[in-house]
């Protein structure tokens, strides 16, 4: 029996459906890394890419463009540092601020990682049948949630339903 409750719920389970897809992809990337002896986590690639472009950056300046919370970036940076991929130093002007950069180990690994990321991108495009029309929809959802949080939207609908 191929009963898929989340799929059957349709838009009502959008968050669960997206999470399930994301979890499957992360699991498979983790499996790939392990199979090829690459000692990184799937969610590190954005930090690698950002540091490749920006060289040195604060944790806040990592969190903001990724849309991640500061604490989640602290966890990622800590793990990457423990594995020897990042170097952390104190900001010269503000000693409370930490400045992050790629370590020599990470820089040496970039060509291999870039090949992995390129292969992943190609696999995603094939998965989408080269149709990237999903992204404008995701952009719209993202922008609407930045303008008015889901919490607020959800709460408004709930309050309307209990007052009607």
Residue 99 is checked against (1) more than 17 Å from residue 110 (Cα to Cα); (2) touching a strand residue (DSSP E or B) at 6+ places or on another chain (Cβ under 7 Å); (3) part of a helix (DSSP H, G or I) and fails just one. What number does that condition carry? (3)
Contacts under 8 angstrom Cβ, first residue in the stretch 26-37 being touching a residue at least 24 places away in the same chain (Cβ under 8 Å), partner assigned to a helix (DSSP H, G or I) and exposed (fewer than 13 other Cβ atoms within 10 Å of the Cβ), 6 or more apart: none
May I ask you to say which residue of 99, 107 is without any contact (Cβ under 8 Å) to a residue 12 or more places away in the chain, closer than 20 Å to residue 52 by Cβ and surrounded by 12 or more Cβ atoms within 10 Å (Cβ to Cβ)? 107
Is it fair to say residue 161 is farther than 28 Å from residue 44 by Cβ, exposed (fewer than 11 other Cβ atoms within 10 Å of the Cβ), without any contact (Cβ under 8 Å) to a residue 60 or more places away in the chain and within 21 Å of the chain's Cα centre (by Cα)? no
Before we move on, is residue 87 at pLDDT 95 or above, surrounded by 11 or more Cβ atoms within 10 Å (Cβ to Cβ), outside the structural domain of residue 150 (by TED's automatic domain parsing) and assigned to a helix (DSSP H, G or I)? no
Against the condition assigned to a loop (DSSP other than H, G, I, E, B), surrounded by 10 or more Cβ atoms within 10 Å (Cβ to Cβ) and touching a helix residue (DSSP H, G or I) at 6+ places or on another chain (Cβ under 9 Å), how does residue 141 come out, does it pass? no
Take the stretch 113-126 and flag every residue that is surrounded by 11 or more Cβ atoms within 10 Å (Cβ to Cβ) and farther than 15 Å from residue 26 by Cα. 113, 114, 125
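The rows are residues; the columns are (1) in the same structural domain as residue 103 (by TED's automatic domain parsing); (2) part of a loop (DSSP other than H, G, I, E, B); (3) within 30 Å of residue 84 (Cα to Cα).
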residue: 7; (1), (2), (3): no, no, no
residue: 14; (1), (2), (3): no, no, no
residue: 18; (1), (2), (3): no, no, no
residue: 23; (1), (2), (3): no, no, yes
residue: 30; (1), (2), (3): no, no, yes
residue: 43; (1), (2), (3): yes, no, yes
residue: 46; (1), (2), (3): yes, no, yes
residue: 49; (1), (2), (3): yes, no, yes
Could we say that residue 163 is at pLDDT below 95 and more than 30 Å from residue 21 (Cα to Cα) here? yes
Would you check if residue 30 is closer than 19 Å to residue 138 by Cβ and either surrounded by 12 or more Cβ atoms within 10 Å (Cβ to Cβ) or under 14 Å from the mean Cα position of the chain (by Cα) (or both)? no
Pick from the stretch 51-64 the residues that are over 21 Å from residue 107 (Cβ atoms) and either surrounded by 12 or more Cβ atoms within 10 Å (Cβ to Cβ) or not assigned by TED's automatic domain parsing to the domain that holds residue 94 (or both): which of them is nearest to the chain's Cα centre (by Cα)? 63
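The values are calculated or read from the model by the stated rules, or taken from the named source; none is laboratory data. Computed from a prediction, not measured in an experiment: that's the story for all the values here. With ideal geometry, Cβ positions are generated from the backbone for all residues, glycine too; neighbour counts draw on all protein chains shown.
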